[in-house]
Structure formats: structure tokens, C-alpha cells
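Read the structure below first, then the notes.
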């Protein structure tokens with residue numbers, strides 16, 4: 001829907017709230033990237049910055065919710081306008097959660113810093129993070145461009161993020177079984193991996209909101225799920 | 001656990017009160033309505049929306065042959081009430097209008113008492129045999145129009161002395177008094193303040209228990225609040241007709257979308 005509203009201040013309000021969502025998305029991407037980079041570099045100061053910066057993401061979430069409530073009350077939006085506002089609220093919540101996951105990863109950086117390294121796990125976490133950040137970035141692009149095809153592509157890619165998490169889960173389990181000195185680091189690394197995998201789920205949720213916003217229909221819940229760790233036991237790991 | 005979505009309900013064919021097929025209306029040479037086909041359901045509020053001059057009021061006025069009173073108007077097509085052709089030569093338009101009542105934009109009570117305003121229709125249609133029967137109809141009609149409690153102690157006062165909202169409810173009581181099956185309302189709240197509007201909207205929702213209500217409104221929010229079905233008219237065409245919830249969240253036609261979201265179509 002490219003047509004402008006007759007009341008142009010309505011367009012300005014909608015643009016303002018969407019600009020905030022994009023700003024929030026940018027902050028969430030940076031938080032994820034920096035949290036994992038801080039892990040790799042052992043940079044506690046960088047980790048502390050990620051923790052501190054989460055407040056800005058939370059504040060944007062509050063602002064977006066307040067603006068959305070005001071738009072609903074004052075403009076009584078319908079059709080595409082209504083769906084824009086409903087999706088803005090959901091996407092903002094997803095981004096707020098991604099910010100929290102990044103913050104949690106950053107907290108674990110200091111906990112893990114004195115621990116024995118586990119071979120190759122940092123590199124795997126970095127690749128996984130890059131993969132999920134590209135999902136998130138494409139999800140936000142699909143949203144702002146109203147691009148359903150790109151949104152579907154993001155949704156399909158979540159399976160791969162799940163598989164990366166499964167692989168890391170098994171590898172960490174193996175290392176922990178081999179040498180119990182790996183357990184402390186292994187547990188933290190596992191939570192980090194789980195956080196990144198959850199960020200992928202939120203990127204997918206954002207893509208699905210795009211599909212809803214554009215088409216008015218929620219995508220059918222037949223998305224392939226590849227996270228099998230909920231049923232994985234030591235014996236079959 | 002599973003609720004059928006709203007748009008799957010009321011597909012029952014027997015629920016159709018009015019069926020219109022290929023209705024065309026001309027004012028002289030000018031075509032005001034093109035090929036409108038629609039089924040209006042019983043015990044349902046149907047809203048007609050669309051920009052000025054789109055044909056929604058013209059179509060509403062076809063449903064009780066009000067266009068007969070316009071000399072240059074010509075109506076083609078087929079409109080049936082409970083399967084009976086309302087344009088059949090044997091149909092008396094006055095009798096038809098007792099069954100298909102109408103409420104107008106500006107409250108237009110007769111300059112008579114509140115009682116006489118409501119009693120007028122039943123009297124001229126010879127619906128009652130005694131004063132007590134007529135009293136009963138007046139009371140019942142005023143109750144149905146949610147006005148009884150406000151006027152029961154002053155039935156002999158003039159109808160024009162009531163507030164605007166009360167006058168409009170009096171007009172609804174007057175329409176209800178002849179025992180109609182369908183109520184047509186042309187912008188019934190546009191001259192009322194928000195509280196009186198809310199009272200009329202509450203009344204419309206009550207009336208749905210017994211009647212098929214068709215309302216023309218310029219207020220999209222009013223259409224959204226009071227109706228179950230919405231029809232969008234544009235340039236004499238019926239563009240889209242469906243469940244109100246669907247029309248306002250996910251309209252299928254870009255012209256509907258532009259109109260309801262206030263965009264330049």
C-alpha cells in the first residue's frame with residue numbers, strides 16, 4: 001500500500017514508529033555481534049558495554065508501545081494501517097527479547113573468562129551468530145520493504161540455525177563427558193548457543209509478522225523445526 | 001475448543017431477508033447504480049459505506065421503493081423480500097414501507113404528541129381495533145426504541161420538544177410501530193451528539209434481535225461498531241461485501257482499503 005493518507009500527519013506518525021523499530025533492530029544486531037565478539041576477544045569491557053546498552057533497547061520498546069497505544073486510540077486504524085501497528089508491537093517485543101539474550105551472553109563472558117577453553121566452540125558460536133544476525137537483518141529488511149518473499153526465506157533459514165545449535169550442543173556434551181573440567185565453561189557456552197538459537201526464532205517471528213502485515217494472513221505453522229535437543233539424551237548424543 | 005471463524009457463520013441460505021440481483025438505477029440519463037447484487041441477512045445489521053455519490057443511499061432507497069417518489073428515477077433488476085418481488089405491479093408501496101421501515105438523517109417527528117407520532121402508522125394501516133390495543137403498541141414500540149422510560153409520563157407532550165437523540169429514537173419507535181421486518185437507516189446519527197449516537201447504536205444492536213437492519217453511514221467507525229456485514233460502494237458499483245471484521249482488518253479490494261484507511265484512492 002504505497003498511497004498516502006489524506007491526513008498527512010497519520011503518515012508521519014506511522015513513519016515515526018517504524019523508524020523507531022528500525023533503530024531498535026540496528027541496536028539489537030550490534031548487541032548480538034558485540035556480545036559474541038567480546039567472548040572471542042575476552043574483552044570484558046566490551047561485554048560490559050553490551051550489558052549497559054540494553055537499557056536503550058528497552059527504552060525504545062517502551063516508546064514504541066506508547067506510540068502504538070496512542071495511534072490506536074487517536075487514529076482508529078483499519079486494514080493495512082491496523083496490521084502495521086499490530087506488527088510493530090510484536091516486532092518490538094521480539095527485538096527487546098533479542099536485546100535481553102545478547103545481554104545474557106555478555107554477562108556470561110565475564111563468568112567464562114577464567115575457564116578452560118573448549119576447542120573450536122567460539123568459532124562455531126561466531127558463525128552461528130553471524131548466521132542469525134543475517135536472518136534478523138533480512139527480516140527487518142523484509143518488513144520495511146513489505147517483501148513477503150524475503151520474509152519466507154528468513155523463516156526457512158531458521159532450520160539451519162537450529163541445526164547449528166544441535167551440532168554445538170552435541171559437541172559441548174561430548175567435551176563435558178570427556179573432561180569434567182570443561183563442565184563450567186560448557187554450560188555457559190551452551191546457554192549462549194541456546195540464546196543465539198532463540199534470537200533466530202525471534203528473527204523468524206519478525207519475518208512472520210511481515211507476512212501478516214502484507215497479506216493479512218498469518219503463515220501456517222508448518223515451519224520446519226530442527227531443534228531436537230529437547231529430546232536428546234546422553235546415550236544418543 | 002475450536003470456534004468457527006466469524007466469516008464461516010451465517011452462510012445459511014434461509015437467512016436471507018432481501019435478495020437483490022443486477023439492480024441498476026438511473027436518474028434521467030445518469031446511471032447512479034450499476035449491476036448491484038447482494039443478499040441481506042435477517043437479524044443482522046448491514047452497513048453500507050462509501051464516498052458521497054457512490055450510490056449507497058440510492059440503493060437503500062430501492063429497498064422500500066422510496067425512489068418511486070423521484071419522478072426521473074428508474075430502477076431495473078430484481079429485488080425480493082422473503083422471495084417476493086417488491087417491484088411487482090401488485091405490490092402496494094405503502095404496504096411495503098410498513099414492512100420495510102425507514103429512519104432518516106435528521107430526526108423528523110410529526111408536530112404532534114409523542115403518543116400520536118407512534119400511533120400514526122398503526123392507525124393508518126388499521127393495525128388495531130381498540131384504544132387499549134393501540135396503547136399497547138405505542139408502549140411496546142417506545143420500549144423497543146429504548147425511549148419509554150424517558151417519556152412515559154409525558155406522552156401527550158409534543159414530539160418536537162424532545163432532544164435530538166430522543167427525537168431520533170422516537171422516529172425509530174414510529175418505524176417499529178407498524179411491525180416492520182426490515183429497518184432502513186440513512187445516516188441516523190449524523191445530527192446527534194456522541195452520547196445520543198451511542199444510545200442509538202446500542203438500540204440498533206437491540207433491534208437486531210427482531211429485525212434486519214440496514215444502515216448507511218459516513219462514519220466508518222460507526223459501521224465497524226454496529227454492523228456484522230459491510231458493503232462498500234464506489235462510483236455506483238458494489239465493490240466489496242463481507243463480514244465487517246474482515247472488511248476492516250483485511251479488505252480484498254484496493255479501493256475498499258484506500259477508502260477505509262483514509263488514503264487517496
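Values quoted throughout were computed directly from the atomic coordinates according to the rules given, and no laboratory measurement underlies them. Keep in mind that this is a model prediction, so the values were computed, not measured. We place every Cβ from the backbone using ideal geometry, glycine too, and count neighbours over all the protein chains shown.
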How big is the stretch B:17-89 on each of its three principal axes, counting only the C-alpha atoms and giving the largest first in Å?
35, 33, 20
Cα gyration tensor of the stretch A:101-237, axes a ≥ b ≥ c as square roots of the eigenvalues: rounded (a/c below 1.5), prolate (a/b > b/c) or oblate?
prolate
Please state the Cα pair-distance histogram of chain B with 5 angstrom bins from zero: what percent is in each bin?
1, 6, 13, 17, 18, 16, 13, 9, 5, 2, 0, 0
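Which whole-number percent gives the relative contact order of chain A, counting Cα pairs below 8 Å spaced six or more residues apart?
Working: 300 pairs, mean separation 58.0, N = 237.
Relative contact order for chain A comes out at 24 percent.
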Can you work out the PRE-style zone for residue B:82? Point 7 Å along Cα to Cβ, and I want the residues of the stretch B:172-216 with backbone N under 16 Å.
B:178-183, B:210-213
Find the centroid of the Cα atoms in the stretch A:66-144 and in the stretch A:17-49, then give the distance between the two in whole Å.
10 Å
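If you build the convex hull over the alpha carbons only and average its shadow over all orientations, what do you get for the protein assembly as shown? Give it in nm² to one decimal.
Values: hull surface 122.4 nm².
If you wrap the Cα atoms of the protein assembly as shown in a convex hull and average its projections, you get 30.6 nm².
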Where a ≥ b ≥ c are root eigenvalues of the Cα gyration tensor, a/c under 1.5 meaning rounded, otherwise prolate if a/b exceeds b/c and oblate otherwise, the stretch B:81-120 counts as prolate
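Give the average, rounded to an integer, of partner chain Cβ atoms located within 10 angstrom of each Cβ in A:3-14. Please report the intermediate quantities before stating the final value.
On the way: counts 8, 3, 5, 6, 2, 0, 0, 3, 1, 0, 0, 0.
Shielding by partners across A:3-14 averages 2.
What per residue convex hull volume, in Å³, comes out for the stretch B:204-244 when only alpha-carbon positions are used? List each step's numbers first, then the result.
Working: hull volume 2.9 nm³, N = 41.
It is 72 Å³ per residue.
Output the peptides A:92-99, A:213-220, A:107-114 sorted from most to least packed, where packing is the average of other Cβ atoms within 10 Å over each peptide's residues.
Values: A:92-99: 23.6, A:213-220: 14.6, A:107-114: 16.6.
So the peptides A:92-99, A:213-220, A:107-114, ranked by packing, come out A:92-99, A:107-114, A:213-220.
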Between rounded, prolate and oblate, where does the stretch B:134-213 land on the alpha carbon gyration tensor, with a ≥ b ≥ c its root eigenvalues, rounded for a/c under 1.5, else prolate if a/b exceeds b/c?
oblate
Thinking of the stretch A:2-215 as a set of Cα atoms, what percent of all their pairs are more than 20 Å apart?
59 percent
Among beta bridges assigned by DSSP with both residues in chain B, the antiparallel ones amount in percent, to the nearest 5, to 60 percent
If I take R0 = 30 Å and measure r between the Cβ atoms of residue A:55 and residue A:76 in this structure, what FRET efficiency does the formula 1/(1 + (r/R0)^6) give, to the nearest 0.05?
0.35
Rg [Å, one decimal], Dmax [Å, integer] - the stretch A:1-50, C-alpha atoms:
17.9, 55
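So for B:96, A:41, fewest C-beta neighbours within 10 Å to most, what's the order?
Numbers: B:96 19, A:41 13.
In order of increasing Cβ crowding within 10 Å: A:41, B:96.
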